[in-house]
1. What number of residues in the range 61-104 are surrounded by 12 or more Cβ atoms within 10 Å (Cβ to Cβ), of a type in the set (Gly, Ala, Ser) and closer than 30 Å to residue 49 by Cα?
2. Between 98, 116, which is over 30 Å from residue 45 (Cβ atoms) and without any contact (Cβ under 8 Å) to a residue 60 or more places away in the chain?
3. Taking the range 83-100 as the search range and keeping residues that are of a type outside the set (Val, Ile, Thr) and over 18 Å from the mean Cα position of the chain (by Cα), which one is nearest to residue 123 (Cα to Cα)?
4. Could you identify the single residue in 136, 49, 90, 70 that is outside any strand (DSSP E or B), in contact with a helix residue (DSSP H, G or I) (Cβ under 7 Å, 6 or more places away or on another chain), of a type in the set (A, V, I, L, M) and within 17 Å of residue 24 (Cβ to Cβ)?
5. Out of all the residues in the range 101-113, which are free of Cβ contacts under 8 Å to residues at least 40 places away in the same chain and either under 15 Å from the mean Cα position of the chain (by Cα) or more than 22 Å from residue 212 (Cβ to Cβ) (or both)?
6. Of the residues 192, 137, only one is crowded, with 19+ Cβ neighbours inside 10 Å and in contact (Cβ under 8 Å) with a residue 12 or more places away in the chain; which?
7. Which residue is farthest from the chain's Cα centre (by Cα), if the candidates are limited to the range 2-42 and must be within 14 Å of residue 111 (Cα to Cα) and of a type in the set (A, V, I, L, M)?
8. Specify which of the listed residues (31, 15) is in a helix (DSSP H, G or I), free of Cβ contacts under 8 Å to residues at least 24 places away in the same chain and either out of contact with any strand residue (DSSP E or B) (no Cβ under 6 Å at 6 or more places or on another chain) or of a type outside the set (Lys, Arg) (or both).
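Coordinate-derived values only; no laboratory data. Just so we're clear, the structure is a prediction, and the values are computed from it rather than from any experiment. All Cβ positions, even for glycine, are placed from backbone atoms using ideal geometry, and neighbour counts span all protein chains on display.
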Amino acid sequence: MDNIQIRKYREEDAAAVKEIFTMGMSEHVPASFMHLLKQPPAQMLLMCLFCALITSSKSFLLPVLAVTLLLAAARQFVVYMFNRYIDTSLRKDLNQIGETYLKGKDSCFWVAECDGCVVGSVACLPAEKAPECLELKRMSVRRSHRGMGIAKALCRTVASFTRDRGYAAVVLYTSVVQTDAQKLYEHMGYQKTREFVAPELAAKILNFTLFEYRLDLHRD
């Protein structure tokens with residue numbers, strides 16, 4: 001961590017921040033696809049399709065081909081869902097980081113810099129559903145720099161900022177497939193307070209669960 005610096009976002013960091021976010025989100029496609037295959041409705045559909053085709057066609061090749069095509073289509077659906085979320089994020093707050101996070105006194109955006117290169121990011125702003133809390137957002141670390149304590153340092157930065165602003169806690173949301181993130185937050189003292197299926201139709205089809213975590217801050 002000697003060559004890692006946590007500092008406020010600057011406009012010249014925009015391209016690197018967007019790249020790190022895009023790559024980080026895209027990493028969750030395989031896990032999300034496996035999550036979809038573990039859902040009982042998906043397994044039922046695949047089994048019924050296979051049995052119906054093998055019964056009607058008297059051929060083993062046709063049902064195997066049909067199931068393979070269905071799996072390919074399902075994976076493309078997962079890719080589409082993530083690409084849509086990424087595109088929406090890049091068009092909204094990540095396209096105007098200064099306006100969204102740096103103008104208010106109770107919000108901020110930081111990057112982790114290593115040898116002059118941006119390798120991680122995190123942000124916070126007042127939580128919409130919890131007025132006494134700030135919400136941690138856009139946490140991401142470049143894969144090549146994970147395991148170096150950068151994510152922990154970014155978490156501590158948000159916690160210190162939140163405490164200094166007089167808020168009672170930090171809240172955040174992560175998904176069922178982001179298991180490494182869940183372990184990190186729990187290691188940092190966050191407690192899971194709620195879980196729910198994301199409201200979007202695609203998320204409901206995937207049974208894509210979100211977890212709410214909270215870190216209560218003790219003031220001196």
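1. Number satisfying all stated conditions: 2.
2. Numbers: 98 fails: without any contact (Cβ under 8 Å) to a residue 60 or more places away in the chain.
Within the list 98, 116, the selection yields 116.
3. 98
4. 90
5. Answer for the range 101-113, where residues must be free of Cβ contacts under 8 Å to residues at least 40 places away in the same chain and either under 15 Å from the mean Cα position of the chain (by Cα) or more than 22 Å from residue 212 (Cβ to Cβ) (or both): 103, 104.
6. Answer to the selection: 137.
7. Here the residue is 4.
8. That would be 15, the only listed residue that is in a helix (DSSP H, G or I), free of Cβ contacts under 8 Å to residues at least 24 places away in the same chain and either out of contact with any strand residue (DSSP E or B) (no Cβ under 6 Å at 6 or more places or on another chain) or of a type outside the set (Lys, Arg) (or both).
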